[in-house]
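To start, the structure under review is shown below, and the notes come after it.
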Amino acid sequence: MITRATVIAALDAIRDPKSGQGLVAAGLAQGLTVTEDRAGFVMEVPAGDTALYAPVRDAAEAALKAIPGMARVSVVLTAETAPATKPARTAALSPQAVEQTRAGAPVPTDRPAHVRRVLAVASGKGGVGKSTVAANLAAALTARGLSVGVLDADVYGPSMPTMLGVSGKPEYRDGMIEPHTAHSLKVMSVGLLTGANDAMVWRGPMASQAITQMLTQTRWGTEAAPLDILVVDLPPGTGDVQLTLIQKTPLDGAVIVSTPQEVALADARRAHALFQKVKVPTLGLIENMSGDVFGRGGAEAEAARLGVSFLGDLPLDAALREAGDAGTPLVSADRDGDTARRFAEVAARVADVLGI
Ligand SMILES: Nc1ncnc2c1ncn2[C@@H]1O[C@H](COP(=O)(O)OP(=O)(O)OP(=O)(O)O)[C@@H](O)[C@H]1O
Ligand SMILES: [Mg+2]
């Protein structure tokens, strides 16, 4: 059983290079979470100091791992957001998005530099295939000639490292995180930051700080080669963590994934309500696992009831799961297959409404 005092003592033995104080005393262990066998915190440092603090993060991680009985450690290094120099939008938003302006909504964090559009893939309920859809939709968008990034913000169970076959801590260069590249996609995952491909005990503030960091400190694009669209895989559900994340994230729109079942549809309604609350346009509903087992058409009817677009249905297809488990989206592995064609249709509608 690890105590908070043990963790604090271990962290205070490491010095803040600026103040010379221990890390906790220096206020550098924010959102410190200690459970039976896990510990984690966020180290927020002034913008531009991430390189200076990267070795400190590594030392803190090593010190926590050395505590007997410690199973998992997560230290997230984030930079304070610099005063806003917001990149101008490179194209007008879709009419629908403009109509549902974010006026009056909580102020999101700064937009990531050199990223034209940020799209959330959400679901009210877990296990409906949200990550599968996010990965394959991203692959289908690259097939349209777009430059695409995937941000895995699922703090409960990051799956992009597995689905896209990436691993290893991302590197910092010139104060920015270098994303991994796989299947022509730029990839960052909360699973790469924690060094574990599974769920971690995240408190709301830690989660949103980590997401903000991955969003704004990752070199998604450059001035010469901007990213057309960043696809964000959100954690499932409609609770406080999701609300905080979508409030803080400068989203241009959201797609909601649902299975045809009534229970999943009720959750899709809640997800839509959540986006309405923060004035992010729901671009539409996607029906996943459509077919014999779950029925078909439920999401289309639900979209009509909610007054949002129906973006398409994707079949229950074992090859989708197998490709995901093997680290390649099916859309990239089998470009001419029926499922890839369905994703291409969804991607065309999404690109159209986002004006890319
Ligand atoms: N259309 C499909 N056909 C067959 N299998 C699918 C399909 N969509 C998803 N799956 C499989 O269902 C499982 C859950 O999918 P996935 O992980 O994408 O869901 P999720 O909504 O992201 O789940 P979580 O809530 O855990 O994040 C995975 O094993 C995936 O491969
Ligand atoms: Mg998922």
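The values are calculated or read from the model by the stated rules, or taken from the named source; none is laboratory data. Quantities reported herein were computed from a predicted structural model and do not represent experimental measurements. Methodologically, a virtual Cβ is constructed for each residue, glycine included, from the backbone with ideal geometry; neighbour enumeration extends over all protein chains shown. Heads up: the accessible areas ignore ligands, DNA and RNA and are worked out on the full protein's heavy atoms, side chains in. Shrake-Rupley method; radii C 1.70, N 1.55, O 1.52, S 1.80 Å.
Below are the figures for this structure:
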{"quantity": "Gly221 long-range amide H proximity, modeled H, under 5 Å", "calculated": "Leu227"}
{"quantity": "Length added when fully stretched, Tyr156-Lys18, from 0.36 nm per residue minus Cα-Cα", "calculated": "46.3 nm"}
{"quantity": "Mean projected area in nm² (Cα convex hull; one quarter of hull surface) for region 143-264", "calculated": "8.7"}
{"quantity": "Spatially proximal aspartates and glutamates relative to Lys277 (Cα-Cα < 17 Å; intrachain offsets below 8 disregarded)", "calculated": "Glu99, Asp240, Asp252, Asp267"}
{"quantity": "Crossing angle, helix 50-65 versus the chain [Cα axis fit, 0-90 degrees, rounded to tens]", "calculated": "80"}
{"quantity": "Relative contact order of region 95-354, pairs being alpha-carbon contacts under 8 Å that are 6 or more residues apart, as %", "calculated": "28"}
{"quantity": "Computed helical MRE - 222 nm, the chain, DSSP H runs ≥ 4 contributing -39500 (n - 2.57), nearest 500", "calculated": "-10500 deg cm²/dmol"}
{"quantity": "Sulfur and carbon atoms: percent of accessible area, the chain [1.4 Å]", "calculated": "52"}
{"quantity": "Relative counts (whole %) of C-alpha pair distances in region 95-354, using bins that are 10 Å wide", "calculated": "8, 34, 40, 17, 1, 0"}
{"quantity": "Cα-based reach from Lys18 at 26 Å (exclusive), listing lysines while leaving out same-chain residues under 8 positions away", "calculated": "Lys65, Lys169"}
{"quantity": "Debye intensity ratio in log₁₀ form over the Cα atoms of region 4-79, taken at each q of 0.11, 0.15, 0.17 Å⁻¹", "calculated": "-0.23, -0.43, -0.55"}
{"quantity": "Å² per residue, accessible surface of the chain at 1.4 Å", "calculated": "40"}
{"quantity": "Among Ala254, Gly237, Gln209 the positive-end extreme of the charge dipole of region 202-267 (Cβ point charges)", "calculated": "Gln209"}
{"quantity": "By accessible area with a 1.4 Å probe, ligands and nucleic acids excluded, highest first: order of Glu262, Glu223", "calculated": "Glu223, Glu262"}
{"quantity": "Accessible-area ranking of Thr6, Thr259, largest first, probe 1.4 Å", "calculated": "Thr6, Thr259"}
